[in-house]
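Enquirer: A single structure is presented below for examination.
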Amino acid sequence: MANPFELIAQRLSELGFFNFLIPFLITLAVFYGLLKKANLFSIGVNAVIAISISFLIWGFWVTTSIDIGGPLAKFFTQASVIILVFLFAIVGASMFYPDFNKALEEIFRGGVMFWILFAIFAIIFLITSGLGSNILGLGGLFGSSAGIMVVVLFFLFLGIVIASIVGGGQ
């Protein structure tokens, strides 16, 4: 007998819940938030514009029969894992540095470290999202996205440890 939660997920998938409704609601929330932040119109006008834009965007995906639910699920899963890694890194670093906020201010003072981290995460995203294999032809170079992520995170952690040991006296 099938798991009841599996049956519910299958039924919701058959109804287009994951391919239309959830992405539609996410798009609606993003556009409504942007319009509210811009403060160009009243709340009612913002809502109507956000709903219209969301229907136009997701109507295109539905009429062209492109399945966007799978890539969105993969993206949000990867984003959740990255957020969890950051949380564990912050908790772990706060155990070694008594005043972690002051240490972060010193590290990110010049702005160079921000661009270094941005480049590292852009490369990680390029490799793990599959864009590296599609655009650059790196498909046969790496085994799997999970293996790549583990190796990159290991070297990133190793670099942070080495930098904290070498630069500890400064």
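The values are calculated or read from the model by the stated rules, or taken from the named source; none is laboratory data. The structure presented is a predicted model; accordingly, all values stated were derived computationally and were not measured. Reconstructed Cβ throughout: ideal geometry from the backbone, glycine too, with neighbour counts over all protein chains shown.
Enquirer: Select from region 69-121 the residues that are of a type in the set (K, R) and over 12 Å from the mean Cα position of the chain (by Cα) and list them in ascending order.
Expert: Result: K102, R109.
Enquirer: Shifting gears a bit: Could you run through region 33-42 and say how many residues are in a loop (DSSP other than H, G, I, E, B) and surrounded by fewer than 12 Cβ atoms within 10 Å (Cβ to Cβ)?
Expert: 3
Enquirer: Here is a further query. Got a number for residues in region 1-52 being hydrophobic (A, V, I, L, M, F, W, C) and either modelled with pLDDT under 85 or out of contact with any helix residue (DSSP H, G or I) (no Cβ under 7 Å at 6 or more places or on another chain) (or both)?
Expert: 22
Enquirer: So F118 ticks every box in (1) at pLDDT 70 or above; (2) touching a Phe, Trp or Tyr at 6+ places or on another chain (Cβ under 9 Å); (3) of a type outside the set (S, T, Y) but one. Which box is left unticked?
Expert: (2)
Enquirer: For region 48-78, what are the residues that are loosely packed, with under 10 Cβ neighbours inside 10 Å and not in a loop (DSSP other than H, G, I, E, B)?
Expert: T63
Enquirer: In the list V45, V81, V30, which residue meets the criterion of being in the same structural domain as L104 (by TED's automatic domain parsing) and in a helix (DSSP H, G or I)?
Expert: V81
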